[in-house]
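To keep things clear, I will list the structure first and then write my remarks on it.
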Amino acid sequence: MAVGLPENIFITKLDAAANWARSNSLWPMPFATACCGIELMATAASRHDLARFGAEVMRFSPRQCDLLIVAGRVVMKMLPVLQRIWLQMPEPKWCISMGACACSGGVFDTYAVVQGIDRFIPVDMYVPGCPPRPEQLLQAVMDMQAKVRRTGTVMGREFAIRDMPAGPAPFDSDERYRIEDTRLVQLGGFSAAATSAGRGATQG
Amino acid sequence: MVCLTELQQKFGSQIVESHFRDNRRIDISASILLPLLTSLKTEYGFNMLVDLTAVDWLEYDGATDRFSVIYLLLNLDSGERLAVRVPVNLPDAVLPSVYGLWRGADWMEREVWDMFGISFSGHPDLRRILMPEEFDAFPLRKDYPLKGRGERHNFPVITRSGS
Amino acid sequence: MTDGRVPAGVSDGLLVWPLSMPLTPVDTLETPSAEREYVWTLNFGPQHPATHTTLRLVLTLDGERVLNAVPYIGYLHSGFEKLGEHLDFNQYVTIVDRMNYLSPLANEIAWHHAVEKLLGIELTPRCKYLRTILAELMRMHDHLLNLGTTALDLGGFTAFLYFFQQREHIYDIVELASGQRFHTSYTRVGGVLFDVNTDWINRVRKFIREFPKVYDEVDRLLTKNRIFVDRTKGIGYLSRDEVINFSAVGPVARASGVERDLRRDEPYLAYADLDFDVICSRGGDCYARYLVRMQELLESLKIIEQAVENIPGGPVNIGVESDMVLPSKPSVYRSIEGLIQHFEVIMPNRGYEVPREQIYAATESPNGELGFYIVGNAETRAYRARTRPPSFIHFSMFPHMIRNHQLSDVVAVLGSINIIAAELDR
């Protein structure tokens, strides 16, 4: 924000007003990859109406959205794209990880699927289910609204303090063992070629 | 109807036919693959290539070859189906491409290359199709583990404050 | 559009096209010349608004006209076929569900059709009719979404909402049968998970009664709509020879004059007893594919109506003496034979005998011929479970279909060939 205030001044009423406005007009960025995308569309359709929550405006451009909904499994070819989309979104932004595959890899514990996007993207809300019922997604949106109202600030201070990766360590011991055992993947070599988004990101 | 004795007269007697349920299969060797498939398309009317796939026999008891490439053919006018099975072995797993006969083989052969490492000579654009270009293993081979070798998590992490 | 790619003149989707269209070469990239020096590249990236999820096209454009389109896929490749080698036949059905996620039960029916052919099982008549009804409901499910999103991508939001409401009714029916609205995992080797009762039958009858009204409304909205027709007629033309050479199947092939439908040509389940038409067109363009799918909705309704009225009684699973199905829970808890049979099926070192053979079996899924090539290895896991994915093969035709069309036609053509990324990439 353009208001140049020192960090230890709280503008409570302005915060509350900004949070109210932001929570009731969360514009989703639907990052719909697989089956959860169909349930996302069903949530936006007429029976479970997402428009009641001010969120029917699914702008597909990340520059105009504030809520990234990752619906569906993210494979390793797609992860750099996801990271780039996340970096392109302007603050304030939040992320909902919808479905078991986005939360933890789901049924697909295979060579290609990332076991949870929270290993690489900061996630605010997790929706379990395979796929989650539209009612569950609506509950997640409502909880997201409550979270924004509760912890939001006009200056976005709540984002600056989270500097650790949110999910499990990207390399858990099982993976490390597999890598050391076969010595086939050069750490960093594969990812440097794969991610151009990664060059701009900081390491937590 | 394709007659086995006619094919054997034209292409040699090492063609073996078998039946299972209602599938009809012939096992041939790679040397007669392209002439046989051309003849099946032009003379016997198998105008659609239904599928082109491969199987890795590494963990199968009693297997003699490393891979089999299977061509599933269909004659649209008579409804007749035929499966043509070709054994392929390492180190040089190369087969002639059937892109010139059926354009549908384009991506099917690319997928077999990507997943198994069997290349097709004469294919206009044989590169990886499902895995990323930098990937260096062949996932559907039996010696590649299900959970991979760490490629899936080899990415930088973006934190809240850094984005 | 009259640039040599598509026959000039008016068509209504049902006229006879010249069937001698030569195959044009696909992969020549037109280099900028003095007359056409403004050639630029657009990345229609893996994240895009056309609701067909993760596929990527690199378009080479001359202004608005597409000169070449190179597709890149694999952004949803999850290792389905590798999983098929590690999961049981009854466990893999949960994965197969997630392939063509617009019509999950159709994939399950195709998978178990192939498995049961490998094992040589004959289903009970009631199971055949039940699976037929569910397969046709899923055909409607898929077509409703495809037509709805085609309309959505071309700007007609209303048809999308109307069709999604009907899909919710189908979700209710499927949920009543299996407990889950989306990925049901309902079929099992030798039968289905639960039987259905008359309440379910009445629900299906209610749906059959009420669907034609909605169909008429959307038909009036779209079929003769000047904007819709202008955006889809003559776009993405495929001739009959091209379609056969590219191995296309399903509504895409039938809309170009290939009269092939596995339900009629190689009847499976209860289709041999039912009376239905195979919908074909000779138009070959997006409008013809739209018309074929709309009419197939009505044909599916006809099939469901006949099957529901004639559904036989009797058991829905094959007998427990085959050691392939679970016995009923009361008999498991109250009789020693039931307990032993349960043990035999569930325990990992037991199970039934699977022939060490290879088989290919296909069914007519909403997208075309969905076949499975299964290699059995004497255990209840497949040694190789290959899916023959219609979407994968249809997408390879895309560069051929989109030449010399406008950029805005890309969305119309993508919608009409019904590409589902999970089936495309597996």
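The values are calculated or read from the model by the stated rules, or taken from the named source; none is laboratory data. Model, not experiment: these values are computed from the prediction. Quick reminder, even Gly has a Cβ in these numbers, built from the backbone with ideal geometry, and neighbours come from all protein chains shown.
Only residues that are within 17 Å of C:Q91 (Cα to Cα) and either β-branched (V, I, T) or in contact with a Lys or Arg (Cβ under 8 Å, 6 or more places away or on another chain) (or both): list them for the stretch C:156-187, please.
Result: C:H183, C:T184, C:T187.
Would you check if C:L176 is more than 14 Å from chain A (Cβ to nearest Cβ), farther than 23 Å from C:T363 by Cβ and crowded, with 18+ Cβ neighbours inside 10 Å?
Criteria not met by C:L176.
Kindly provide the set of residues from the stretch B:39-62 that are over 20 Å from B:P139 (Cβ atoms), among the hydrophobic types (A, V, I, L, M, F, W, C) and assigned to a loop (DSSP other than H, G, I, E, B), ordered by number.
Of everything in the stretch B:39-62, just one residue is over 20 Å from B:P139 (Cβ atoms), among the hydrophobic types (A, V, I, L, M, F, W, C) and assigned to a loop (DSSP other than H, G, I, E, B), namely B:F46.
Given the conditions (1) within 14 Å of chain A (Cβ to nearest Cβ); (2) part of a loop (DSSP other than H, G, I, E, B); (3) farther than 26 Å from B:N47 by Cβ, and given that B:M115 satisfies all but one, which numbered condition is not satisfied?
Unmet for B:M115, out of (1) within 14 Å of chain A (Cβ to nearest Cβ); (2) part of a loop (DSSP other than H, G, I, E, B); (3) farther than 26 Å from B:N47 by Cβ: (2).
Residue pairs, Cβ under 6 Å, 6 or more apart or interchain, first in the stretch B:91-103 and within 11 Å of chain C (Cβ to nearest Cβ), second assigned to a strand (DSSP E or B) and crowded, with 18+ Cβ neighbours inside 10 Å. List them.
B:W102/B:L49
With the checklist (1) at pLDDT below 90; (2) touching a Lys or Arg at 6+ places or on another chain (Cβ under 9 Å); (3) under 21 Å from A:A34 (Cα atoms) in hand, flag the one item A:M58 doesn't pass.
(2)
Among the helices (runs of 4 or more DSSP H) contained in the stretch A:107-204, which hold 2 or more residues that are among the hydrophobic types (A, V, I, L, M, F, W, C) and at pLDDT below 90?
It comes to A:157-160, A:189-194.
Could you pull out the residue among C:D199, C:D230, C:D195 that is more than 30 Å from A:V57 (Cα to Cα), in a helix (DSSP H, G or I), away from chain B (no Cβ under 14 Å) and not basic (K, R)?
Criteria check complete, one pass: C:D199.
Look at the stretch C:347-371 and say how many of its residues are on the phi < 0 side of the Ramachandran plot, more than 10 Å from chain B (Cβ to nearest Cβ) and surrounded by 12 or more Cβ atoms within 10 Å (Cβ to Cβ).
So the count comes out to 9.
Condition check: touching a His at 6+ places or on another chain (Cβ under 8 Å), of a type outside the set (K, R), closer than 22 Å to B:I15 by Cβ and modelled with pLDDT of 85 or more. Does B:S78 satisfy that?
Here the answer is no, as B:S78 does not meet what is asked.
When the residues of the stretch B:1-54 are narrowed to those that are free of Cβ contacts under 8 Å to residues at least 40 places away in the same chain and touching a Pro at 6+ places or on another chain (Cβ under 9 Å), which ends up nearest to B:E111 (Cα to Cα)?
B:F20
For the stretch B:129-143, which residues satisfy the criterion of being surrounded by fewer than 19 Cβ atoms within 10 Å (Cβ to Cβ) and either in contact with a Cys (Cβ under 7 Å, 6 or more places away or on another chain) or facing chain A (nearest Cβ under 10 Å) (or both)?
Scanning the stretch B:129-143 gives B:E133, B:E134, B:D136, B:A137.
Among the numbered conditions (1) surrounded by fewer than 24 Cβ atoms within 10 Å (Cβ to Cβ); (2) in contact with a Phe, Trp or Tyr (Cβ under 9 Å, 6 or more places away or on another chain), tell me where C:D425 comes up short.
Unmet condition: (1).
Rundown of residues vs (1) surrounded by fewer than 18 Cβ atoms within 10 Å (Cβ to Cβ); (2) modelled with pLDDT under 90; (3) within 11 Å of another protein chain (Cβ to nearest Cβ), yes/no style:
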residue: B:L4; (1), (2), (3): yes, yes, no
residue: B:G12; (1), (2), (3): yes, yes, no
residue: B:D22; (1), (2), (3): yes, yes, yes
residue: B:R25; (1), (2), (3): no, no, yes
residue: B:M48; (1), (2), (3): no, no, yes
residue: B:A54; (1), (2), (3): no, no, yes
residue: B:A63; (1), (2), (3): yes, yes, yes
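Can you tell me which residue among A:A32, A:A17 is at pLDDT below 90 and within 18 Å of A:A146 (Cα to Cα)?
A:A17
Using the structure shown, decide if B:P124 is within 30 Å of A:M78 (Cβ to Cβ), within 14 Å of another protein chain (Cβ to nearest Cβ) and in contact (Cβ under 8 Å) with a residue 24 or more places away in the chain.
It is true that B:P124 is within 30 Å of A:M78 (Cβ to Cβ), within 14 Å of another protein chain (Cβ to nearest Cβ) and in contact (Cβ under 8 Å) with a residue 24 or more places away in the chain.
Taking the stretch C:392-426 as the region of interest, how many residues are more than 11 Å from chain B (Cβ to nearest Cβ) and assigned to a helix (DSSP H, G or I)?
13
Before we move on, is A:R162 under 24 Å from A:R73 (Cα atoms), touching a residue at least 12 places away in the same chain (Cβ under 8 Å) and either facing chain B (nearest Cβ under 7 Å) or not aromatic (F, W, Y) (or both)?
Considered against the rule, which asks whether it is under 24 Å from A:R73 (Cα atoms), touching a residue at least 12 places away in the same chain (Cβ under 8 Å) and either facing chain B (nearest Cβ under 7 Å) or not aromatic (F, W, Y) (or both), A:R162 comes out as no.
Look at B:L72 and say whether it is of a type outside the set (S, T, N, Q), in contact (Cβ under 8 Å) with a residue 12 or more places away in the chain, closer than 26 Å to C:R264 by Cα and surrounded by 22 or more Cβ atoms within 10 Å (Cβ to Cβ).
Considered against the rule, which asks whether it is of a type outside the set (S, T, N, Q), in contact (Cβ under 8 Å) with a residue 12 or more places away in the chain, closer than 26 Å to C:R264 by Cα and surrounded by 22 or more Cβ atoms within 10 Å (Cβ to Cβ), B:L72 comes out as yes.
Check whether at least one residue in the stretch C:372-380 is under 31 Å from the mean Cα position of the chain (by Cα), surrounded by fewer than 22 Cβ atoms within 10 Å (Cβ to Cβ) and assigned to a helix (DSSP H, G or I), and report yes or no.
No, that holds for no residue.
How many of the residues in the stretch C:113-147 are away from chain B (no Cβ under 14 Å) and either in a helix (DSSP H, G or I) or at pLDDT 95 or above (or both)?
Number satisfying all stated conditions: 23.
Read through the list (1) touching a strand residue (DSSP E or B) at 6+ places or on another chain (Cβ under 8 Å); (2) farther than 22 Å from C:E210 by Cα, then give the number of the only condition that C:L130 fails.
So C:L130 meets the others, but not (2).
Could you check how many residues of the stretch A:94-138 are crowded, with 22+ Cβ neighbours inside 10 Å and at the interface with chain B (Cβ under 9 Å from one of its Cβ atoms)?
Of the residues in the stretch A:94-138, 10 are crowded, with 22+ Cβ neighbours inside 10 Å and at the interface with chain B (Cβ under 9 Å from one of its Cβ atoms).
Can you list residue pairs whose Cβ atoms sit under 8 Å apart, with the first residue in the stretch C:73-100 being on the phi > 0 side of the Ramachandran plot and in contact (Cβ under 8 Å) with a residue 60 or more places away in the chain and the second being part of a helix (DSSP H, G or I) and among the aromatic types (F, W, Y)? Count only pairs 6 or more apart in sequence or on different chains.
Listed pairs, sorted by first residue: none to list.
Go through the stretch A:35-90 and give me each residue that's under 17 Å from the mean Cα position of the chain (by Cα), of a type in the set (A, V, I, L, M), assigned to a loop (DSSP other than H, G, I, E, B) and more than 10 Å from chain C (Cβ to nearest Cβ).
A:A55, A:M89
For C:E299, which of the numbered conditions (1) of a type in the set (D, E); (2) under 25 Å from C:I208 (Cα atoms); (3) within 14 Å of chain B (Cβ to nearest Cβ) fails to hold?
Exception for C:E299: condition (3).
Do we have B:W107 as among the hydrophobic types (A, V, I, L, M, F, W, C), crowded, with 18+ Cβ neighbours inside 10 Å, modelled with pLDDT of 90 or more and touching a helix residue (DSSP H, G or I) at 6+ places or on another chain (Cβ under 8 Å) here?
yes
Out of the residues in the stretch C:238-269 that are acidic (D, E) and assigned to a helix (DSSP H, G or I), state the one that is surrounded by the most Cβ atoms within 10 Å (Cβ to Cβ).
C:E242
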